[in-house]
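Peer 1: Have a look at this one before I ask anything.
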Amino acid sequence: MVRQSNSYFNSDKLESRPTTQFKALFDTNFTPQQYEKAKEIRDTYNQLIDRARALDKILEKNPEPVLVAFHPETGNRFEIKGALHSQHPQALSPNPKALYFVNSSNPKHPAGTLVAMSRVPGQFHPNGKPVNKLIGSISPEDAQANNIQPKTGLDNVSFSVEPPPTKSQAEALYKEANDYLRQVNQQTEATEKSAMAAALWHVCHTKAEKDNEQGT
């Protein structure tokens, strides 16, 4: 954020060096109110940047389309992972299905992961029992949030296939963060900009120093 705040609040640039080296260059010529405002700006900007970076990490994994299921009673959504590779002929169909959940036997899955099974219409075993095939897996978090237990089922579950996130969406999030700083700059009186720049510097680097001391 130092680079961005320099860009919008001061013509002089800061370099990324140990924070204590430059502390004396920034007077504490700001009010407590300006300091609190600087903390608000920092936190809002960091939230926006964190969203963009989180999406960047998802994009690094070459994400696939996502099968989203909707709980028939609550309407809550939960993701079924791996459905694109399912052997079930209707895995990606939006038509409602009955699902049956069991614990995953995949050693790569986190503990508590469930898998969703569904009948294959028109297919039966030699003993006359219907054929069930795996649709995909459900994370422990989604299972807990939707109170889905092993060896239970849900009827009339509806689905939606959502496209994966794109690079342009990540770029839009970064733009939103930069636009936020531009807006802050435009709304800051010229007489306050020097004090706000100093407050932002102290707010950002005080936090960075504490994080370094704590090893975070």
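Please treat every number below as a calculation from the coordinates, not as lab data. What you see is a predicted model, and the numbers here were worked out from it, not measured in a lab. Note: ideal-geometry Cβ built from the backbone for every residue, glycine included; neighbour counts use all protein chains shown.
Peer 1: On full extension of the chain, what length is gained from residue 194 through residue 175, given 0.36 nm per residue of separation minus the C-alpha to C-alpha distance?
Peer 2: My answer for the length gained is 4.4 nm.
Peer 1: Could you list 152, 113 in order of exposure, starting from the residue whose Cβ has the fewest other Cβ atoms within 10 Å?
Peer 2: Ascending Cβ contact count within 10 Å gives the list 152, 113.
Peer 1: Cβ neighbours within 10 Å, averaged per peptide: list 178-185, 162-169 in order, most packed at the top.
Peer 2: Per-residue mean Cβ counts within 10 Å order the peptides as 178-185, 162-169.
Peer 1: Among 80, 49, 41, which comes first, then next, by fewest other beta-carbon atoms within 10 Å?
Peer 2: With the sparsest Cβ surroundings first, the list reads 49, 41, 80.
Peer 1: For residue 106 paired with residue 68, estimate the spin-label separation in nm (one decimal), with each label point 7 Å from Cα along the Cα-to-Cβ line.
Peer 2: Taking the simple label geometry, residue 106 and residue 68 are separated by 2.1 nm.
Peer 1: On a C-alpha basis, how far is the centre of region 133-203 from the centre of region 53-94 in Å? Whole number, if you could?
Peer 2: Region 133-203 and region 53-94 have Cα centres spaced 17 Å from each other.
Peer 1: Between residue 77 and residue 182, what is the FRET efficiency for a Förster distance of 45 Å, r being their Cβ-Cβ separation, to the nearest 0.05? Display every interim value, and only then the final one.
Peer 2: On the way: r = 35 Å, r/R0 = 0.77.
That pair, residue 77 with residue 182, gives E of 0.85.
Peer 1: Any chance you could run the full-extension gain for residue 59 through residue 47? It's 0.36 nm times the residue separation minus the Cα-Cα distance, nm to one decimal.
Peer 2: Extra length from residue 59 to residue 47 when fully extended: 2.5 nm.
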